Amino acid sequence: MKTNISHKDIEHFYITLYFSKSHSDCKKKAIWRAYRDFSRTLRNLSQNHQEVKNKWEKLLCNLIEEVCQNDFNEKQFDEWHKENTEKLKKYSLDYTLTIGQAQKWINMTLKYCFLLGEEKIPGITKNVDYFHIPIDNIIQDRIFEEFKINRIDESWSRIDCYSKYMEYQEKFREKISENETPFEVEFKMFNENF
C-alpha cells in the first residue's frame with residue numbers, strides 16, 4: 001500500500017521532534033531550542049524567571065529580524081554581533097549570563113534558523129557567510145584535531161571577555177580555505193563528529 005505521507009509531513013515531524021510544539025513561530029522554536037543547548041550552564045536561576053525570559057525572547061526575535069533584513073559585510077556583522085552579545089548579557093538582570101553563554105545562544109539560534117530555512121524564516125540565508133561558529137567543548141576539540149587551534153583557556157560558558165571570544169573566531173577564520181565560510185566548515189565538522 002502506498003502512503004499519503006509527504007516529504008512536508010516528514011519534515012514537519014522532524015521539526016516537531018527536535019524543536020517541540022510549544023511554539024508555532026519558527027523563530028521562537030529556534031531561540032528556545034538554542035536555549036536548551038546552553039541552559040545547563042546557567043547559575044542562580046530562580047523558579048520564577050519569566051520576566052527575564054520574555055526580555056530575552058523579544059531581543060532574540062529582533063536580532064533574527066535584523067539578520068534577515070540587513071545587508072552586512074563581515075566587519076559590520078562582527079560589530080553587530082559584539083553589540084548584541086553584550087546586550088543579551090546586560091538583559092540578564094541578576095542571572096549573570098556570560099559572554100560565552102550569550103554567544104552560544106545567539107550563534108545556535110542563527111544556526112537553527114538556517115536549518116529551518118528560507119521558507120520558514122525568509123532572509124535567514126542573506127548573511128550566512130558572516131555567521132559566527134558556536135563555541136563549545138565539542139567544536140573546540142574538533143577544531144584542535146583539524147586545525148591545531150588551542151582551546152580557550154577557560155570553560156566556554158565562563159568566557160566573559162568578548163575579545164577572547166572573538167580572537168578564537170579570528171584564528172578559525174585564518175585557518176579555513178578562502179572558498180569556505182566558518183559557518184559551513186563548523187557545520188560539516190559538527191556533523192562528522194557524530
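The values are calculated or read from the model by the stated rules, or taken from the named source; none is laboratory data. The structure displayed is predicted, hence computed values, not measured ones. Backbone-built Cβ (ideal geometry, glycine too); neighbour counts: all protein chains shown. With ligands, DNA and RNA removed, areas are computed over all heavy atoms of the protein, side chains included. Shrake-Rupley method; radii C 1.70, N 1.55, O 1.52, S 1.80 Å.
Check Asp78 against each of (1) closer than 24 Å to Ile159 by Cα; (2) in contact (Cβ under 8 Å) with a residue 40 or more places away in the chain; (3) in a helix (DSSP H, G or I); (4) within 11 Å of the chain's Cα centre (by Cα) and name the one condition it does not meet.
The number of the failed condition is (4).
Tell me which residues, restricted to region 148-160, are open to solvent by 60 Å² or more (accessible area, probe 1.4 Å), farther than 21 Å from Thr109 by Cβ and not polar (S, T, N, Q).
Passing the criteria: Lys148, Arg151, Asp153, Glu154.
In region 54-68, is there at least one residue being within 30 Å of Ser163 (Cβ to Cβ), part of a helix (DSSP H, G or I), modelled with pLDDT under 90 and open to solvent by less than 50 Å² (accessible area, probe 1.4 Å)?
Yes, region 54-68 contains at least one residue that is within 30 Å of Ser163 (Cβ to Cβ), part of a helix (DSSP H, G or I), modelled with pLDDT under 90 and open to solvent by less than 50 Å² (accessible area, probe 1.4 Å).
Scan Glu145, Glu192, Glu167 and give me the residue that is over 19 Å from the mean Cα position of the chain (by Cα) and loosely packed, with under 13 Cβ neighbours inside 10 Å.
None of the others qualify; the one that does is Glu145.
Looking only at residues in region 83-121 that are in contact (Cβ under 8 Å) with a residue 12 or more places away in the chain and assigned to a loop (DSSP other than H, G, I, E, B), which one is nearest to Leu59 (Cα to Cα)?
Going through the qualifying residues, I end up with Tyr91.
Restricting to region 138-172, name every residue that is without any contact (Cβ under 8 Å) to a residue 12 or more places away in the chain, outside any loop (DSSP other than H, G, I, E, B) and closer than 21 Å to Glu86 by Cβ.
Ser163, Glu167, Glu170
Take the residues in region 24-36 that are modelled with pLDDT of 75 or more and open to solvent by 30 Å² or more (accessible area, probe 1.4 Å), then tell me which one is farthest from Arg158 (Cα to Cα).
Checking each candidate, the answer is Asp25.
Report, by residue number, each residue of region 170-189 that is among the aliphatic types (A, V, I, L, M) and under 18 Å from the mean Cα position of the chain (by Cα).
Listed by number, the residues that qualify are Val185, Met189.
Check Phe183 against each of (1) open to solvent by less than 60 Å² (accessible area, probe 1.4 Å); (2) under 25 Å from Asn62 (Cβ atoms); (3) in a loop (DSSP other than H, G, I, E, B) and name the one condition it does not meet.
(3)
Looking only at region 85-92, decide whether some residue is open to solvent by 10 Å² or more (accessible area, probe 1.4 Å), within 27 Å of Arg173 (Cα to Cα) and at pLDDT 95 or above.
no
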